[in-house]
Structure formats: C-alpha cells, structure tokens
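See below for the structure under consideration.
The values are calculated or read from the model by the stated rules, or taken from the named source; none is laboratory data. From a predicted model like this one, the values you see are computed outputs, not experimental measurements. Note: ideal-geometry Cβ built from the backbone for every residue, glycine included; neighbour counts use all protein chains shown.
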Amino acid sequence: MAIALTVASFVVFRNRYHGSCLVPDYDLLWFLILPALFLVGFIWSVSELVYPWLLLKGMRRLPARLLSIALGLAIYTAVASVAWTLSPVPIENGDDKGFRALTSVFWSVGFLAETGNFSYHSCGY
C-alpha cells in the first residue's frame, strides 16, 4: 500500500502537470497535495521495508516502528539535502530561495523539473 501511494502520487503529479507551467496558477491545491503524498508514501515505504528487519534483530515493536520511521525520514531528508545542494531551480527563477526550498523539500517536483516535465513556455516566458 505504501509503495502504491508513493508511485501513484508521483505518476499522477507527473501526468497532471506534464507540459504545464512549473508552478501553475490553476489547481494549486493538487500541486501541493500530491508532492506531500509522495513524501508520506516514501517515508512509509522505507518504514515498511525496514521494520521487519528490525524485528528480526530483536527490537521490540514500538522502538522498531519508531526507528523505521526515523530511518525513512532520514533517507528522505538526505535526498532533499542533495537536491538543495544541486539547486534544482530553473534559470528563469534565479536565486529564489522559497522556490528552491519547495523543490528541495518536495524533491519529486525538483526531479520532474530537472527532467523537463514542465514547460516554461506555458508560463508566459
């Protein structure tokens, strides 16, 4: 279920905004919800993969669950830190720190921006 949420939110986001402006002035709510679902799904997926391994190592259920969630968050944060370092901001946006933070925290958006999912011609420039 967790992997399905992660993949589905990414695919729906990619297909919904393919060829549109990077930050669309329409449908802004979905533009924010889908990357947040990806974040939750990614952390949940890592947690579900690590949790059984921690139980096999002899940890109790609650500490194993908390550690598996912390590991999922740590991995997501590590990827976001790399995204911040690589600065996934299109040239048109310059040094806009808020936009850079958005594409780093929600690195699924930054990844799609870097791979050409969005069209800068539809933004009016």
Inset, instruction - Report, by residue number, each residue of segment 37-55 that is under 19 Å from the mean Cα position of the chain (by Cα) and either loosely packed, with under 13 Cβ neighbours inside 10 Å or of a type in the set (D, E, K, R) (or both). - result: 48
Legend entry - Total residues in segment 104-125, condition at pLDDT 75 or above, of a type outside the set (A, V, I, L, M, F, W, C) and assigned to a helix (DSSP H, G or I): 4
Legend entry - Residue check for residue 23: part of a helix (DSSP H, G or I), at pLDDT below 95, hydrophobic (A, V, I, L, M, F, W, C) and under 30 Å from residue 119 (Cβ atoms): no
Legend entry - Unmet requirement for residue 58, which otherwise passes all of (1) within 15 Å of the chain's Cα centre (by Cα); (2) assigned to a loop (DSSP other than H, G, I, E, B): (1)
Legend entry - Residue list for segment 56-67, restricted to those being of a type in the set (A, V, I, L, M, F, W, C) and surrounded by 13 or more Cβ atoms within 10 Å (Cβ to Cβ): 59, 64, 66, 67
Inset, instruction - Please work out if residue 42 is in a helix (DSSP H, G or I) and closer than 17 Å to residue 115 by Cα. - result: no
